[in-house]
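So the structure is just underneath, and the comments pick up after that.
The values are calculated or read from the model by the stated rules, or taken from the named source; none is laboratory data. Fair warning: this is a prediction, and the values are worked out from it, not measured in the lab. Please note: Cβ atoms are built from the backbone with ideal geometry, for glycine as well, and neighbour counts cover all protein chains shown.
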Amino acid sequence: MTTAQTAANNAKGQRLIELHQAPELLQVINVWDVISAKVISDLDGTQALATASHSIAASLGYEDGENIPRELMIEAVGRIATATDLPVSADLEAGYGDAGETIRQAIGVGIVGANLEDQLKPFDEAVAAVRAAVKAASDEGVSFALNARTDVFVKGGPEANKEEQITEAIKRGKAFLDEGATNVFVPGLFDEATVTALVDGLGHNKLSVIGLPGSLAPAKLTELGVSRISYGPLTQRLALTALQAAAQDLLAGGVLPDGIKPLN
């Protein structure tokens, strides 16, 4: 990167960190390509964007879970970053076996924040990946909002003990924060008591959650001290559900509705 590009990225990264630290809940709508990024960027209230790795992989014909080659993922998130003036956080799964290098490559295409999954790997290994990611951003000279994710609840299964899951999520999350992560992302469908326990353990404005059908409303999450909410692949599924419903209507003899907005 040129000096000017580094300075521009650093400013965006600092802005993204500030948005995570602000008292208001940061809502990031997940996008998967340039046109979805532009559509969301144009909305009042959009302050930053987040990519969804599952959605990008699906759009290119790959299963989720680092099946899409890293170079294709980096190219895809770079196209999105180039298409907007807003800060972009990229879902980079578990870092493709080399979290530091993956973060470095993402920064090189304009990304200033990332999700990094622990996939419930051994504790020391998960912490080392966060450490490597933070170091890579520091070495590149860019402020970077690392949303370090723990999959304690995602991989826990129906027989898991919730109290033990909360304890483990807090243990891992605090270690990630100690290594320099901006936030701790704990995906799952949580009630108010669980969110409160996680915030109490991790700190005010340190918890990031996913919005799912049945999740607490943004206003309640703000009240409880949550920093960020994103929506993962559900935004793409919502769009495709609407497309499928419209196609069914057209194939049954219907016509396109009025009010369709042109895409720039």
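You will find that of Gln248, Gln236, the residue that is free of Cβ contacts under 8 Å to residues at least 24 places away in the same chain and not hydrophobic (A, V, I, L, M, F, W, C) is Gln248 and no other. For region 201-221, which residues satisfy the criterion of being surrounded by fewer than 18 Cβ atoms within 10 Å (Cβ to Cβ), in a helix (DSSP H, G or I) and more than 18 Å from the chain's Cα centre (by Cα)? Of everything in region 201-221, those that are surrounded by fewer than 18 Cβ atoms within 10 Å (Cβ to Cβ), in a helix (DSSP H, G or I) and more than 18 Å from the chain's Cα centre (by Cα) turn out to be Gly201, Ala219, Lys220. For beta carbons closer than 9 Å, sequence separation of 6+ or different chains, a first residue in region 15-30 that is under 10 Å from Gly225 (Cα atoms) and in contact (Cβ under 8 Å) with a residue 40 or more places away in the chain and a second that is of a type in the set (S, T, N, Q) and surrounded by fewer than 19 Cβ atoms within 10 Å (Cβ to Cβ), the qualifying pairs are Pro23/Thr222; Glu24/Thr222; Leu25/Thr222.
Among the candidates Lys121, Lys162, single out the residue that is modelled with pLDDT under 95 and not hydroxyl-bearing (Ser, Thr, Tyr).
Lys162
Is it the case, given these coordinates, that Asp64 is surrounded by fewer than 22 Cβ atoms within 10 Å (Cβ to Cβ), more than 16 Å from the chain's Cα centre (by Cα) and not aliphatic (A, V, I, L, M)? No.
For region 41-55, a residue qualifies if it is buried (at least 19 other Cβ atoms within 10 Å of the Cβ) and over 18 Å from Val112 (Cα atoms), and the qualifying residues are His54, Ser55. Residues considered: Leu216, Leu202, Leu240. Of these, the only one that is among the aliphatic types (A, V, I, L, M), closer than 17 Å to Ile29 by Cα and touching a helix residue (DSSP H, G or I) at 6+ places or on another chain (Cβ under 8 Å) is Leu216. Just one of the listed residues (Thr150, Thr182, Thr167) is modelled with pLDDT of 95 or more and more than 16 Å from the chain's Cα centre (by Cα), namely Thr167.
State yes or no: is Thr196 in contact (Cβ under 8 Å) with a residue 40 or more places away in the chain, surrounded by 11 or more Cβ atoms within 10 Å (Cβ to Cβ) and not aromatic (Phe, Trp, Tyr)?
The answer is no for Thr196.
Looking only at region 59-116, count how many residues are aromatic (Phe, Trp, Tyr) and either at pLDDT below 95 or closer than 25 Å to Ala4 by Cα (or both). Within region 59-116, residues that are aromatic (Phe, Trp, Tyr) and either at pLDDT below 95 or closer than 25 Å to Ala4 by Cα (or both) number 0.
Scan region 19-36 and give yes if some residue there is polar (S, T, N, Q) and in a strand (DSSP E or B), otherwise no. Looking for residues that are polar (S, T, N, Q) and in a strand (DSSP E or B), one finds at least one in region 19-36, hence yes. Among residues of region 86-113 that are aromatic (Phe, Trp, Tyr), those with a Cβ under 9 angstrom from a residue that is part of a helix (DSSP H, G or I), sequence gap 6+ or separate chain, pair up as Tyr96/Arg70; Tyr96/Met73; Tyr96/Thr102.
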